[in-house]
Every structure is written in C-alpha cells, then in structure tokens.
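These notes are about the structure you will find just below.
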Amino acid sequence: MEDKPAPFKGDKVINGFRWPPMVCDDMPEELRKFKVRDDDVFIVTYPKSGTNWTTEILKNIVCGGDLEKVKEYGDHGPPLEYFNFFKKCDSFPTDKPRVMMTHVPVDILPKEVFEGKGKVVYVGRNPKDTAVSFWHFIKERRFLEEYEKWENFLAAYLKPDMMCGSWFDINLKYYEHRDAKNFLFLTYEGMKLDHKGCVIQLCDFVSRHLTNEQVDLIVNNTTFSNMKSKFTGKLPDMKQLGNLPKLTAMGDPNQKFSIMRKGVVGDWKTQFTVAQNELFDEIYNEKMKGSSLRRRVLFEIDA
C-alpha cells in the first residue's frame, strides 16, 4: 500500500500579498525596522534565481576563498522573512559581515538600506527559466494544490497575486534602484556567462581586494556542480539556527532535499508548449515595455 501524499501546506496573505506559510504575520512591519550594520550584505532575488549560489560566492569572497573559514559561517539559514529569521540575525557576531538572503519586495527591505547602510546584491533571472525552476521546487514541497499541474502554475505565475509576488513587479522595482551606491543589479545569465568576471565585480562592490589566486579559488569553489553537491541531501541543520517556529513548514527533515536542480539557461524550452510560450511573450512584452531591463534579460546563452 502506497503512502498517502503529504497534505498541502497552503499559503498566507498579509496586507494583500501572498506568502509561503513560513512567514509570520508581523514580518513585513518588523523587517522594515531591522537594524542594518554598515558591512551587511543582502542577497536579494525572486525565488529560484541563484540565491544560494550568490550567497555562497559572497561568503567565499569575505573569507578569501578559504573553505574552512566559509564553514564557520555555517548553513545560510532560511531567507530573512521565513520564521522571522532576521530576528535571529541580530545576535550574529560583529567580527565579520552578515551575508543574508531574502526574496522580499523592495518596499519591505529594512528602511536603513535606503539610507545607505549595508549593501544589496540583486540577482535577476529570465522569467521563463525562473518559472520552470520555481514550479519544480514548489510542487515538491506541496504548498498549494493549484501548483500541482504546470499549466495551472504558469497561469498563477502570470498573475499579480502569485505567491512571493509577480516576477515582473519584483524585478522591475528592484531595477529602479540599480544606480544607488549600495545596490548592485546582476543577472543569473551574466553570472553563467562570466563567472569570474562577476566574482571580481562582487569583490569590488564589497571592497574586498583579493589576489588573482584567491579569485580563481573562489571561482572553483563556487562552480554550479560544487554548489549542487553542497546543497543536495537532507534539509539544512536548523538546530544551529536556534528555536525557530513552524520549522515543519520546511518539510520532513529526512526527506531528500535539493535546492539546485539543473541551473541551465534555456531549460524553459523543455517545459513550455508553443501556445504557452506565445502567450508568455505577449504578456512579457507588455509588462516590460519601456524598461531597459529587457536588454539584460537573456532567454538563451551559448554556454
């Protein structure tokens, strides 16, 4: 007799915005008050856009490519908004930068960020590959029944009230801050095309002056294959993160867990039908009209 599938976890609506169930009701208001340190680095993405990869690169940069020092950081922990994890970050040591990741809309970032404190690295990924990767990830974790079938998920993904927000709204609003001194806007595809160049760009952004040998070490440490093996297995060990509420919302601790799937640019072509692609392009062209971000979004690369 086969085991019954786990129940759906559902979602949560706060102030009209749909979140995964791991988000606490007071998160939007409290995260805005978060005290930012001058050397903080926030890695921000729409889900499934290179969050853990970029976070690992930054930790390697801070540690000069020394993997033993990188291990001292421990697991990344969940995004700041899950379980109000940002409150746990208040107790992080002050002898090294806090490298923190999040998927929140720009208007929920801590207010002090917009006063010039800390640094924000935003990574955008083309919306078709993001949709496919997000669907596989979210379906495996059984959040909502409507996400079980690809066609239903895609329809939801194209609506403004998609869980975690609209790809278009999130990316376009962060892109507006691309010229701020403490913001850096990268693309996942750009990181794939020129991994080393992006490592150097990130070093400059966080004012870390590393040797060529250290840069090469970081590039090797953070190849996709190395990252995939690091983030595949069981759920991260959350014990070191302290007493976090609703931890079971992440899933069964013994369940096979993989954050990274393929990481391929253009994998959307294996999932989209011709009709779905035509509809997506129509909506994409309308939503992106007038934004120079269109020139940076790559749906395919020769790499």
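Scanning region 125-145 for residues that are aliphatic (A, V, I, L, M) and either touching a helix residue (DSSP H, G or I) at 6+ places or on another chain (Cβ under 7 Å) or assigned to a helix (DSSP H, G or I) (or both) gives A131, V132, I138. Restricting V62, V41 to those that are aliphatic (A, V, I, L, M) and farther than 26 Å from T130 by Cβ reduces the list to V62. Any chance you could count how many residues in region 105-142 are within 24 Å of T273 (Cα to Cα) and over 16 Å from the mean Cα position of the chain (by Cα)? Total satisfying the criteria: 3.
Per the conditions (1) surrounded by fewer than 22 Cβ atoms within 10 Å (Cβ to Cβ); (2) under 25 Å from T130 (Cα atoms), the sole criterion not satisfied by M22 is (1). From the list K48, K111, K117, the one residue that fits, being surrounded by fewer than 19 Cβ atoms within 10 Å (Cβ to Cβ) and touching an Asp or Glu at 6+ places or on another chain (Cβ under 9 Å), is K117.
Count of region 158-182 residues, restricted to those that are touching a helix residue (DSSP H, G or I) at 6+ places or on another chain (Cβ under 8 Å) and not in a loop (DSSP other than H, G, I, E, B), is 8. Checking each residue in region 16-60 for being within 15 Å of the chain's Cα centre (by Cα) and over 14 Å from M101 (Cβ atoms) picks out W19, P20. Mind listing whichever residues of region 162-216 are over 30 Å from G16 (Cβ atoms), touching a residue at least 40 places away in the same chain (Cβ under 8 Å) and among the small types (G, A, S)? G190 - this is the single residue of region 162-216 that is over 30 Å from G16 (Cβ atoms), touching a residue at least 40 places away in the same chain (Cβ under 8 Å) and among the small types (G, A, S).
Quick one: is F86 surrounded by fewer than 21 Cβ atoms within 10 Å (Cβ to Cβ), in contact (Cβ under 8 Å) with a residue 40 or more places away in the chain and farther than 30 Å from L298 by Cβ? So F86 fails the test. Residue count for region 182-197, restricted to those that are among the polar types (S, T, N, Q) and under 13 Å from T51 (Cα atoms): 1.
Each reported figure results from applying straightforward, stated rules to the coordinates on display, with no laboratory input. These figures come from a predicted structure and were not determined experimentally. Ideal geometry is used to build each Cβ from the backbone, glycine not excepted, and the neighbour counts take in all protein chains shown.
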